[in-house]
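The values are calculated or read from the model by the stated rules, or taken from the named source; none is laboratory data. Because the structure is predicted, anything quoted here is derived from the model rather than measured. When we count neighbours, we look across all protein chains shown, and the Cβ atoms used for this are built from the backbone with ideal geometry, even at glycine. With ligands, DNA and RNA removed, areas are computed over all heavy atoms of the protein, side chains included. Shrake-Rupley method; radii C 1.70, N 1.55, O 1.52, S 1.80 Å.
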Amino acid sequence: MSISFKGYKSDSLTFEAGEGLKAGMPVKLDSNGKAVVAENDDFFIGICTAIRDNWASVQTDGYAELEYTGSMPAYGFVHISAAGNGKVKVNESADTPYLKVIYLDTNSHTVGFIL
């Protein structure tokens, strides 16, 4: 038997979608309030879970998993930012928000965290 954190507090909001945004990517808001791809070193407000027409569903709370790049995150509170290309990375900048890392898969470079 395996464990799963999926579904934990997974709240979502709907935003107008910016160009290039796809499901599974970290999201930030542009100056017009559109959901756009969070690029390298950007803070992100959530994860895009679906695109329909010109609208994006963005998970803003709860458990999420994304591929990480660079150094492996640790368990616990970790500074994490977007890395570009739909991935995240450890970012030791004091300004970067802490996320609660509760799952790591080093084979697939996947990190699970609470938004």
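No other residue among Ser57, Ser2 is open to solvent by 70 Å² or more (accessible area, probe 1.4 Å), among the small types (Gly, Ala, Ser) and either more than 14 Å from the chain's Cα centre (by Cα) or at pLDDT 95 or above (or both) apart from Ser2.
I'd like the residue in the stretch 41-54 that is open to solvent by less than 60 Å² (accessible area, probe 1.4 Å) and not in a strand (DSSP E or B) and, out of all such residues, is nearest to Lys6 (Cα to Cα). Give the derivation first.
Taking the stretch 41-54 and keeping what is open to solvent by less than 60 Å² (accessible area, probe 1.4 Å), we get 42, 44, 46-48, 50.
From the residues that got through so far, the ones that are not in a strand (DSSP E or B) too are 42, 44.
Details: Asp42: 24, Phe44: 19 Å.
The qualifying residue nearest to Lys6 (Cα to Cα) is Phe44.
Residue check: Leu66 meets all listed conditions (1) part of a strand (DSSP E or B); (2) more than 22 Å from Asn91 (Cα to Cα) but one, namely (2).
Which residues, taken from the stretch 15-35, are open to solvent by less than 20 Å² (accessible area, probe 1.4 Å), in a loop (DSSP other than H, G, I, E, B) and of a type in the set (A, V, I, L, M, F, W, C)? Break it down stepwise before answering.
Filtering the stretch 15-35 for residues open to solvent by less than 20 Å² (accessible area, probe 1.4 Å) gives 17-18, 21, 26-27, 35.
Remaining after also requiring in a loop (DSSP other than H, G, I, E, B): 18, 21.
Listed by number, the list holds a single entry, Leu21.
Conditions tested, residue by residue: (1) touching a residue at least 40 places away in the same chain (Cβ under 8 Å); (2) farther than 21 Å from Gly7 by Cα; (3) out of contact with any Asp or Glu (no Cβ under 8 Å at 6 or more places or on another chain).
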site: Gly18; (1), (2), (3): no, yes, no
site: Leu29; (1), (2), (3): no, yes, yes
site: Lys34; (1), (2), (3): no, yes, no
site: Gln59; (1), (2), (3): yes, no, no
site: Tyr68; (1), (2), (3): yes, no, yes
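When Val78 is tested against (1) in a strand (DSSP E or B); (2) within 12 Å of the chain's Cα centre (by Cα); (3) not charged (D, E, K, R), exactly one condition is not met: (2).
Residues in the stretch 81-115 that are part of a strand (DSSP E or B), open to solvent by 60 Å² or more (accessible area, probe 1.4 Å) and either hydrophobic (A, V, I, L, M, F, W, C) or more than 22 Å from Ser10 (Cα to Cα) (or both): Ile102 only.
Within the stretch 59-82, identify whether any single residue is farther than 22 Å from Ile102 by Cα and polar (S, T, N, Q), and answer yes or no. No, that holds for no residue.
Against the numbered list (1) crowded, with 17+ Cβ neighbours inside 10 Å; (2) closer than 17 Å to Asn54 by Cβ; (3) of a type in the set (A, V, I, L, M), Ala38 comes up short only at (2).
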